[in-house]
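Trainee: This is the structure, below, for whatever I ask next.
The values are calculated or read from the model by the stated rules, or taken from the named source; none is laboratory data. Being a predicted model, the structure only gives us computed values, none of them experimental. Ideal geometry is used to build each Cβ from the backbone, glycine not excepted, and the neighbour counts take in all protein chains shown.
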Amino acid sequence: MYIPEEKISEILNTSDIVDIVSESVILKKSGRNFFGLCPFHSEKSPSFSVNADKQIFHCFGCGAGGNALSFIMKYHGISFPEAARMLARKYNVVLETESMDPARKKQVLVKESLLRLNKKVMSLYAGVLNETSKGKAARDYLENRGMTRDIIDEFYLGLAHDAWDDVVHFLKKEKVTRQVAVNSGLILPRKQGNGYYDRFRNRIMFPIFDINMQVAGFGGRVMDDAMPKYMNSPETPVYSKGRILYGLHAAKQYCRREGSVYIVEGYFDFLSLYQHGIKNTVASLGTALTKEHVRILKGYAGRMILVFDSDDAGINAAKRSIQIFMGEAVDTRILVLPDKHDPDSFVMKHGRDAFLELADQAKTIMQFLLGLAMDTHGLSVEGRIRILDEMKQHLALIKDSALRSLYVRELSETLNIDERAVLEKVRDAVIQKSTKQSSLMPDHPADEKILVSDPRERQILSIMLNYPNLIPEVVEKEVLSCFYSKRFQKIARKIIATESVNEGFVTSVMAKIDDNRDQELIASLAMDDFSGNDDMARTANVLMNRIIRIRKKTENILTTEIISAEKGCDANVTDLLRKKQLEIQQLHDSQQI
């Protein structure tokens, strides 16, 4: 989709990046900027910065950066047109688009069609549950499970009754195309090849909302002992199980308010806790938690409490999840419920206060793992050695050396083993882990050269962004013709082509940039701090003179030597020519920097 540049500028000038990022990242003001934990990489100390004046974000850790549209695209994993439409809706900007690439148009239409279809099917399932005699057994089932009418209505619970073609007939009635119907995952082709049948039958239906309150998919649970007990929508263009958490759309404000989030496994676990006032809760839809899940949750809560059943399946699920949380350096606690209880049954029987009291005693990851190891191996001499061998692998995963040191001391005291001996074992594990990772890294050819542009060119770009009033001097000096980096040249010309106004200048430049890497570079440059420099005009002039002088000197030396070599038939002429070629190559290839 082609969106006119003036519309992009209107969206960016109307939107507020602090408001937008705050919906996904906990921000705290520090000086002129806001800081928080980066949602795009693992970190413990905030390096993610948002500048309200320039309407940009930049992470000093991983380099991610850009404007409000860039953030929406990267965070939600959506295309530029989708991000533009999202912000246009949020800020009431009328979006008139021009010609659209056929392939992109098809993708956009498919997603929009699926979201509309899912919303209609959600109403269909809700109607079957609430308005028909066929829904009585399901209503009784939900009542016996303790679900109130308010919860059923708030989360649009429904019923797919015991029929093979209810949704198939509904899609035909709605004149949904075959391709959209199949893409939805709601129907499946018959093995005989003569039509389709419903995926969900005789199940309580749970619409799965994305963070923007749109129905991305469905989950279904049987009301008897049939298998599989739970069934979810397959991956579709609008549903990605690795990114969506059940209930987050409703729980996010409570997670932010409490500063913590409970992570459970099932729909009823979530609904029971939510119904009992423990609303800072999400469910993992019965799938393995991913890095993306954790990074999304970091935007809403600083502490995460994993709630598991006490059976073997629950313990194993906890162990599988732990490595993800350790890798993301997030404060994580493990809450294992008493025997024969899951979150749903526990809170229904004992109530909210009893659950919260138990949650206050949740173990840290290391306490949990150490407890498991001690239960497995015992505290004999041989058992303690096995525990140390097991725990050193977990400790090696901790990136924060201070935190690792504290855990080493705690492990030493618990096992009554000299702290230096424990530390030596852990260091060996860390070295072994680093060596293994290094061996997996691709080797670079020995003669590979990384071409790096003169830092002065980068400084000139930064000055142009932060001091637009100096742009005329850059133009007058014709310094861009002396840039070695073609990429920097291209960006500089777009800066020059932007109307030179102090208010929202960086935002206007961003609107002209469609390359993500270039947006990240601009965000980084615009964050540069020149507060200690009282004469930027003089600084810029010195930098430009230096760039021009170096370029001319280099060209003159090479040209003179090549002419001299040619006259004397010097064998070194080939080497000199190669140097010249490398210079030209740098000019053309440096856009890849």
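Trainee: Given the residues Ser22, Ser79, Ser45, which is the only one that is surrounded by fewer than 17 Cβ atoms within 10 Å (Cβ to Cβ), without any contact (Cβ under 8 Å) to a residue 24 or more places away in the chain and under 22 Å from Ile211 (Cβ atoms)?
Mentor: Ser22
Trainee: Read through the list (1) under 17 Å from Asn516 (Cα atoms); (2) modelled with pLDDT under 90, then give the number of the only condition that Glu43 fails.
Mentor: That leaves (1) as the condition not met.
Trainee: Which condition number does Cys569 fail, the rest of (1) at pLDDT below 85; (2) assigned to a helix (DSSP H, G or I) being met?
Mentor: Of everything listed in (1) at pLDDT below 85; (2) assigned to a helix (DSSP H, G or I), Cys569 misses just condition (2).
Trainee: Checking Val264 against (1) within 23 Å of the chain's Cα centre (by Cα); (2) over 22 Å from Phe40 (Cβ atoms); (3) surrounded by fewer than 23 Cβ atoms within 10 Å (Cβ to Cβ), which test does it fail?
Mentor: (3)
Trainee: Among the residues of segment 173-183, write down those that are surrounded by 13 or more Cβ atoms within 10 Å (Cβ to Cβ) and not β-branched (Val, Ile, Thr).
Mentor: Within segment 173-183, Glu174, Ala181, Asn183 qualify.
Trainee: Condition first: in contact with a helix residue (DSSP H, G or I) (Cβ under 8 Å, 6 or more places away or on another chain) and in a helix (DSSP H, G or I). Now tell me which residues in segment 464-480 satisfy that.
Mentor: Answer for segment 464-480, where residues must be in contact with a helix residue (DSSP H, G or I) (Cβ under 8 Å, 6 or more places away or on another chain) and in a helix (DSSP H, G or I): Met464, Leu465, Asn466, Pro468, Leu470, Ile471, Glu473, Val474, Val475, Lys477, Val479, Leu480.
Trainee: Right, another one. Filter segment 506-538 down to the residues that are more than 20 Å from Ala64 (Cα to Cα) and either touching a residue at least 60 places away in the same chain (Cβ under 8 Å) or surrounded by 15 or more Cβ atoms within 10 Å (Cβ to Cβ) (or both) and list them by number. Step through it out loud before you land on a result.
Mentor: The initial filter retains those residues of segment 506-538 that are more than 20 Å from Ala64 (Cα to Cα), namely 530-538.
Answer for segment 506-538, where residues must be more than 20 Å from Ala64 (Cα to Cα) and either touching a residue at least 60 places away in the same chain (Cβ under 8 Å) or surrounded by 15 or more Cβ atoms within 10 Å (Cβ to Cβ) (or both): Phe530, Met536, Ala537.
Trainee: Scan segment 312-329 for residues that are touching a Lys or Arg at 6+ places or on another chain (Cβ under 8 Å) and either in contact (Cβ under 8 Å) with a residue 40 or more places away in the chain or not hydrophobic (A, V, I, L, M, F, W, C) (or both) and jot them down.
Mentor: Within segment 312-329, the first condition is being touching a Lys or Arg at 6+ places or on another chain (Cβ under 8 Å), and the residues that meet it are 324, 327-329.
Residues satisfying the conditions are Gly327, Glu328, Ala329.
Trainee: Can you tell me which of Gln253, Gln214, Gln192 is among the polar types (S, T, N, Q) and touching a helix residue (DSSP H, G or I) at 6+ places or on another chain (Cβ under 8 Å)?
Mentor: Details: Gln253 fails: touching a helix residue (DSSP H, G or I) at 6+ places or on another chain (Cβ under 8 Å); Gln192 fails: touching a helix residue (DSSP H, G or I) at 6+ places or on another chain (Cβ under 8 Å).
Matching residue, one of Gln253, Gln214, Gln192: Gln214.
Trainee: Restricting the search to segment 184-198, which residues are surrounded by 19 or more Cβ atoms within 10 Å (Cβ to Cβ) and at negative phi?
Mentor: Initially, segment 184-198 is screened for residues surrounded by 19 or more Cβ atoms within 10 Å (Cβ to Cβ), giving 184-187, 196, 198.
Across segment 184-198, the qualifying residues are Ser184, Leu186, Ile187, Tyr196, Asp198.
Trainee: Hey, Leu403 hits all of (1) loosely packed, with under 15 Cβ neighbours inside 10 Å; (2) within 28 Å of the chain's Cα centre (by Cα); (3) not in a helix (DSSP H, G or I) but one; which does it fall short on?
Mentor: (3)
Trainee: Which residue is farthest from Phe200 (Cα to Cα), if the candidates are limited to segment 222-254 and must be among the basic types (Lys, Arg) and surrounded by 18 or more Cβ atoms within 10 Å (Cβ to Cβ)?
Mentor: Lys252
Trainee: Could you please find all residues in segment 411-420 being surrounded by 15 or more Cβ atoms within 10 Å (Cβ to Cβ) and either modelled with pLDDT under 90 or part of a helix (DSSP H, G or I) (or both)?
Mentor: Once the filter is applied, which keeps residues that are surrounded by 15 or more Cβ atoms within 10 Å (Cβ to Cβ) and either modelled with pLDDT under 90 or part of a helix (DSSP H, G or I) (or both), segment 411-420 yields Leu411, Ser412, Thr414, Leu415.
Trainee: Moving on. Looking only at segment 273-323, count how many residues are among the small types (Gly, Ala, Ser), in a helix (DSSP H, G or I) and more than 18 Å from the chain's Cα centre (by Cα).
Mentor: The qualifying residues number 4.
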